[in-house]
Amino acid sequence: MSYFKILGFEKEPFSTSPDPDFLYLAKDHDTVLMNTLIELRLRRGLSVILGDVGTGKTTLSRKLIQELKDREDFIFHMVLDPSFSDEHSFLDYLARSLDIPTQGLSSAVALRDTLEKYLFQKGVIEGKIVVLIIDEAQKLNETSLEMLRVLFNYETNEFKLIQIVLLGQLELHSKIIDIANFFDRISFKYTLNPLSKEETKEMIEFRIKKAGYKSSMHLFLDEAISEVYQASKGYPRRITMLCHRLLKELILKNKVVVDANFVKSIIRKDIQSGWHHDDALNREQALVYQFQR
């Protein structure tokens, strides 16, 4: 039997999979989601969301897609790995993702013309909003970024024909800041920051409730949540990974509640064994404040 069923859950509460139903909308995440949806509805063009590793960008992108699925006037596609070698491969991928026939379109010019006609048909004639969501956008090379800039030229007097949402790590900022006619076209920009201590508590309680836990007994004491916050620095992925480990150890050690000493003992054990909770998240946050709202 899975550990989450033993503890009275219907689902695993601390899976690291980007399930939008388990996204706790902290202040930053809620701000980004609401503003991005508004920008898309108004067809403003480009939104950029930055955040360090583990701040919830990918799960947020899935939540955005979940929201768009409920709106019939949106056509959208998500790019998970934007590592394109050249202009043609990027445009060909985009065309095929939008179900545009590419047979006979052997040049980048032909693909651009076909894309422009498609966007005009969908955006102006049919009144649809075409959205391209790019995760891991820091992987975009100069050629791909230039192609995105070209796509922004497809517009009417009132709106852009394609809406683009870039979600990337902090280094994306340095890639785009000096690109002429790109950075200044960003309609909405935001940097996701780690959660506060109170938000960490709310996230843990939200995921436990969302997973179907109905007992009146608290699995995590407040003192334990304080330790989780200190260890995780408020990064959602760290919180998720650590809480999963704590619940698993709770069963293995035949305990019923996570207290501060229990959290400390597990963290101490992990350090002694050389295992760390997502070492990539230990980077300095120097770039975060360069891109604040």
Please indicate, with yes or no, whether at least one residue in region 202-219 is touching a strand residue (DSSP E or B) at 6+ places or on another chain (Cβ under 8 Å), outside any helix (DSSP H, G or I) and not hydroxyl-bearing (Ser, Thr, Tyr).
yes
Taking the stated definitions as given, is residue 183 free of Cβ contacts under 8 Å to residues at least 12 places away in the same chain, aromatic (Phe, Trp, Tyr), assigned by TED's automatic domain parsing to the domain that holds residue 121 and more than 24 Å from residue 25 (Cα to Cα)?
yes
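Quickly run through region 161-180 and pick out the residues that are farther than 26 Å from residue 129 by Cβ and not acidic (Asp, Glu).
We begin by selecting, within region 161-180, every residue farther than 26 Å from residue 129 by Cβ; these are 169-171, 173-175, 177-178, 180.
Residues satisfying the conditions are 169, 170, 173, 174, 175, 177, 180.
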For residue 109, only one of the following conditions fails: (1) over 30 Å from residue 14 (Cβ atoms); (2) among the aliphatic types (A, V, I, L, M); (3) surrounded by 13 or more Cβ atoms within 10 Å (Cβ to Cβ). What is its number?
(3)
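Based on this model, can you work out whether residue 153 counts as assigned by TED's automatic domain parsing to the domain that holds residue 67, assigned to a loop (DSSP other than H, G, I, E, B), more than 23 Å from the chain's Cα centre (by Cα) and within 23 Å of residue 93 (Cα to Cα)? Let's see the steps before the verdict.
On the way: assigned by TED's automatic domain parsing to the domain that holds residue 67: yes; assigned to a loop (DSSP other than H, G, I, E, B): yes; more than 23 Å from the chain's Cα centre (by Cα): yes; within 23 Å of residue 93 (Cα to Cα): yes.
It is true that residue 153 is assigned by TED's automatic domain parsing to the domain that holds residue 67, assigned to a loop (DSSP other than H, G, I, E, B), more than 23 Å from the chain's Cα centre (by Cα) and within 23 Å of residue 93 (Cα to Cα).
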Residue that is surrounded by 13 or more Cβ atoms within 10 Å (Cβ to Cβ), of a type in the set (Ser, Thr, Tyr) and at pLDDT 95 or above, where the choices are 61, 97
61
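Among the residues of region 220-229, write down those that are outside any strand (DSSP E or B) and touching a strand residue (DSSP E or B) at 6+ places or on another chain (Cβ under 8 Å).
Residues of region 220-229 outside any strand (DSSP E or B): 221-229.
If the condition is that a residue be outside any strand (DSSP E or B) and touching a strand residue (DSSP E or B) at 6+ places or on another chain (Cβ under 8 Å), then 221, 224, 228 are the ones that fit.
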Looking at region 132-150, which of its residues are closer than 15 Å to residue 162 by Cβ, without any contact (Cβ under 8 Å) to a residue 60 or more places away in the chain and not in a helix (DSSP H, G or I)?
132, 134
Among the residues of region 121-131, write down those that are surrounded by fewer than 21 Cβ atoms within 10 Å (Cβ to Cβ), not small (Gly, Ala, Ser) and not in a helix (DSSP H, G or I).
126, 128
Search result, residues across region 11-35 that are modelled with pLDDT under 95, under 22 Å from residue 214 (Cβ atoms) and of a type in the set (Ser, Thr, Tyr):
15
Do we find a residue being crowded, with 16+ Cβ neighbours inside 10 Å, touching a His at 6+ places or on another chain (Cβ under 7 Å) and within 26 Å of residue 146 (Cβ to Cβ) anywhere in region 38-55?
yes
Just name the residue that is nearest to residue 2 (Cα to Cα) out of those in region 232-263 that are part of a loop (DSSP other than H, G, I, E, B) and either among the β-branched types (Val, Ile, Thr) or in contact with a Lys or Arg (Cβ under 7 Å, 6 or more places away or on another chain) (or both).
256
Exactly one of these conditions fails for residue 247: (1) touching a residue at least 12 places away in the same chain (Cβ under 8 Å); (2) at positive phi. Give me its number.
(2)
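Anything in region 251-269 that is in contact with a Phe, Trp or Tyr (Cβ under 6 Å, 6 or more places away or on another chain) and modelled with pLDDT of 95 or more? List them, or say none.
Taking region 251-269 and keeping what is in contact with a Phe, Trp or Tyr (Cβ under 6 Å, 6 or more places away or on another chain), we get 251, 258.
Listed by number, the list holds a single entry, 258.
Give region 218-229 a look and list any residue that's surrounded by 15 or more Cβ atoms within 10 Å (Cβ to Cβ) and modelled with pLDDT of 95 or more, or say none. Let's see the steps before the verdict.
Restricting attention to region 218-229, the residues satisfying the condition of being surrounded by 15 or more Cβ atoms within 10 Å (Cβ to Cβ) are 219-221, 224-229.
Across region 218-229, the qualifying residues are 220, 221, 224, 225, 226, 227, 228, 229.
The values are calculated or read from the model by the stated rules, or taken from the named source; none is laboratory data. Everything quoted here is computed from the prediction, not taken from an experiment. In this analysis, Cβ positions are derived from the backbone assuming ideal geometry, glycine residues included, and neighbour counts consider all displayed protein chains.
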